[in-house]
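Before any comments, here is the structure.
The values are calculated or read from the model by the stated rules, or taken from the named source; none is laboratory data. Just so we're clear, the structure is a prediction, and the values are computed from it rather than from any experiment. Note that we place each Cβ from the backbone using ideal geometry, even for glycine, and neighbour counts take in every protein chain shown. The area values use the complete protein model at the heavy-atom level, side chains included, leaving out ligands, DNA and RNA. Shrake-Rupley method; radii C 1.70, N 1.55, O 1.52, S 1.80 Å.
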Amino acid sequence: MAEDMSLSSYLAQGGKLTNPSNVPPRYRAELLKLMATFVDSELAGAAGFADIINEGPGIKARIAAAKIVLEKSDNADKVLRIMGEFGADTEAYADHHPWTARLTRDADIGQSRSKHDMRLAVFNYPLEGWLDAVVMNLLMGRAVTVQLRELSQVSYQPLAEAFRSIAPIEQRHAELAEEGLTQLVENGETAQAQEAVDYWWPRVAASFGSQTSEKFDGLRAMGLRHDTNAELHDRWAADAGAILAKLGLTPGN
């Protein structure tokens, strides 16, 4: 017990862990949940976007989309390997899994998770064409950029390093989506873009979780969280909102 208390104090003071063997049970459970959410979201996101590749307007757009699918899958694998060090069943990810499974377009599940896996709720909604996919990837890409800044500070050092290597890749995906949306708006598709923003904005916003999370203090004490859900959401809203404003678009409700 004394050792557990000293480890708790160490983490609360900003200490880092580097090996699965010295990780306490509750910390391990929360760390695995965090990793599974990231891995499952990346794989579900990649699978959904893969179905849209051939709708890209031209070969360059399709190459960029295919590269995003590849890199998201690779980012998932980086974190999956760390999960394996904790004894997670990584072979299950090699089996057939319904990563492309989606609800109906008008479903409204808030922050609920899929019955299949730990993906964020936003990855349960279907994409409808190229423009819709570009808007979703812009808004979610900016959200992932904000979330990865937070995740890059986690107290499990190998995972923090993995997230730091993933962050610039995901940021580039968001930049590509911004370039794609800029082109679509310049081609006169502003009204359709605004409709897509109105659809995806609240669904991406929900990916930040409850604004008043009861678990936050415990996660912060373990060094697995630093900024609140509300702070992360507001950072994303300001960031994504500024990008939309440049394009003559307004955030959704």
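Check Asp77 against each of (1) within 22 Å of Glu179 (Cβ to Cβ); (2) open to solvent by 40 Å² or more (accessible area, probe 1.4 Å); (3) acidic (Asp, Glu) and name the one condition it does not meet.
(1)
Is it the case that the stretch 175-193 has a residue that's part of a helix (DSSP H, G or I) and touching a Pro at 6+ places or on another chain (Cβ under 7 Å)?
Looking through the stretch 175-193, none of the residues is part of a helix (DSSP H, G or I) and touching a Pro at 6+ places or on another chain (Cβ under 7 Å).
Which of (1) touching a helix residue (DSSP H, G or I) at 6+ places or on another chain (Cβ under 9 Å); (2) touching a residue at least 40 places away in the same chain (Cβ under 8 Å); (3) assigned to a helix (DSSP H, G or I); (4) not hydroxyl-bearing (Ser, Thr, Tyr) does Gly15 not meet, given it meets every other one?
(3)
Looking only at the stretch 161-180, count every residue that is under 17 Å from Val39 (Cβ atoms), surrounded by 18 or more Cβ atoms within 10 Å (Cβ to Cβ) and either of a type in the set (A, V, I, L, M, F, W, C) or in contact with a Phe, Trp or Tyr (Cβ under 6 Å, 6 or more places away or on another chain) (or both) and tell me the total.
4
Looking at the stretch 126-144, can you tell me whether even one residue there is farther than 16 Å from Ala46 by Cβ and polar (S, T, N, Q)?
So far as the stretch 126-144 goes, no, none of its residues is farther than 16 Å from Ala46 by Cβ and polar (S, T, N, Q).
For residues that are surrounded by fewer than 14 Cβ atoms within 10 Å (Cβ to Cβ) and assigned to a loop (DSSP other than H, G, I, E, B), tally how many sit in the stretch 211-226.
Qualifying residue count, the stretch 211-226: 4.
Tally the residues that are outside any helix (DSSP H, G or I) and either among the aliphatic types (A, V, I, L, M) or within 11 Å of the chain's Cα centre (by Cα) (or both), restricting the search to the stretch 18-46.
Filtering the stretch 18-46 for residues outside any helix (DSSP H, G or I) gives 18-19, 23-24.
Add one more test, that the residue is either among the aliphatic types (A, V, I, L, M) or within 11 Å of the chain's Cα centre (by Cα) (or both), and what stays is 23.
Total meeting the criteria: 1.
Pairs needed: first member in the stretch 19-46, more than 13 Å from Ile82 (Cα to Cα); second member anywhere, open to solvent by 30 Å² or more (accessible area, probe 1.4 Å) and not in a helix (DSSP H, G or I); C-beta distance under 7 Å; at least 6 residues apart or different chains.
Pairs found: Thr37/Met118; Asp40/Met118; Leu43/Trp99; Ala44/Trp99.
Filtering the stretch 195-204 down to residues that are touching a residue at least 60 places away in the same chain (Cβ under 8 Å) and more than 11 Å from Leu120 (Cα to Cα), which residue is most open to solvent (accessible area, probe 1.4 Å)?
Tyr199
Of the residues that sit in the stretch 184-194 and are touching a residue at least 12 places away in the same chain (Cβ under 8 Å) and of a type outside the set (Ser, Thr, Tyr), which one is most open to solvent (accessible area, probe 1.4 Å)?
Per the criteria, the residue is Gln192.
Pairs under 8 Å by beta carbon, first residue open to solvent by 50 Å² or more (accessible area, probe 1.4 Å) in the stretch 86-102, partner modelled with pLDDT under 80, six or more apart or different chains?
none
Could you grab me the full set of residues in the stretch 53-68 that are open to solvent by less than 20 Å² (accessible area, probe 1.4 Å) and either under 21 Å from Glu186 (Cα atoms) or free of Cβ contacts under 8 Å to residues at least 60 places away in the same chain (or both)? Show your work before the answer.
Keep residues of the stretch 53-68 that are open to solvent by less than 20 Å² (accessible area, probe 1.4 Å), which gives 56, 65, 68.
Within the stretch 53-68, Gly56, Ala65 meet the criteria.
Applying the selection to the stretch 20-44, what residues are buried (at least 16 other Cβ atoms within 10 Å of the Cβ) and polar (S, T, N, Q)?
Thr37, Ser41
Kindly establish whether Ala92 is in a helix (DSSP H, G or I), farther than 28 Å from Gly252 by Cα, among the aliphatic types (A, V, I, L, M) and modelled with pLDDT under 90.
The answer is yes for Ala92.
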